[in-house]
């Protein structure tokens, strides 16, 4: 990985209700030289930090846990919903919160008083996180994606991760290796738009061409004896209609 250059330092926000704690972190950060850093903002609590971070994104948040009002853990949970969330490094006197912190995908957990060597190690981890996240965002900028609306959350799902689309009663299930999403729309529209990457195997299903692993004999409770495809990375079998058998065999022979 290429280290960040001094003219492109890690942008850092300090969030701690104790002014002396923030001052000590500023001093330590001033002594850091690997990686280069810049304190872009400070906040005394989560309520002040949250809107600042939405308007002025940073790369890393050095975050206290116990503060008046919302805790640092709650703020970290909120930040995970951002399109490009910052790296979180918890800085606290209370080591008992470590498990909860890593459940929120914090890159590191520092206990007060913070030592310079330990802070630099945490920032190096944060730098790797930031570089990886920037690479992902760059890929998403050029890769086809689906925009999934779920409750109060909007998520961009890269098309390359989709294993299949399956029409249900009033919606479409979008399946990746890790989870399922619900998408409004029509299967025919998806087939027309993504026909180069997906093939129809049944009136209710499209599957990713590159993920078709095998064609197997299969008994379906509704349709009886027939055929099904198995996809790479998925245990679930998907029924193939007689009409689409030759298409699936053609994909497997390529």
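Considered as a group, the residues in the stretch 213-231 that are in contact (Cβ under 8 Å) with a residue 24 or more places away in the chain and within 31 Å of the chain's Cα centre (by Cα) include one that is farthest from residue 172 (Cα to Cα), and that residue is 214.
Restricting attention to the stretch 8-51, the residues that are closer than 19 Å to residue 113 by Cα and assigned to a helix (DSSP H, G or I) total 12.
When restricted to residues that are over 14 Å from residue 234 (Cα atoms) and in a helix (DSSP H, G or I), the stretch 152-165 contains 2.
Annotation: of all residues in the stretch 166-212 being free of Cβ contacts under 8 Å to residues at least 40 places away in the same chain and part of a helix (DSSP H, G or I), the one that is surrounded by the most Cβ atoms within 10 Å (Cβ to Cβ) is 190. Criterion first (within 30 Å of residue 82 (Cα to Cα) and out of contact with any helix residue (DSSP H, G or I) (no Cβ under 9 Å at 6 or more places or on another chain)) does residue 185 satisfy it? Taking the combined requirement at face value, the residue satisfies it. Screening the candidates 13, 1 for the property of being touching a helix residue (DSSP H, G or I) at 6+ places or on another chain (Cβ under 7 Å) and modelled with pLDDT under 90 yields one hit, 1.
Being at pLDDT below 80 and farther than 15 Å from residue 80 by Cα is the filter here, so list the residues in the stretch 138-164 that pass it. Once the filter is applied, which keeps residues that are at pLDDT below 80 and farther than 15 Å from residue 80 by Cα, the stretch 138-164 yields 138, 139, 140, 141, 142, 143, 150, 151.
The values are calculated or read from the model by the stated rules, or taken from the named source; none is laboratory data. This is a predicted model, so every value here is computed, not measured. Every residue, glycine among them, receives a Cβ derived from its backbone with ideal geometry; neighbour counts consider all protein chains shown.
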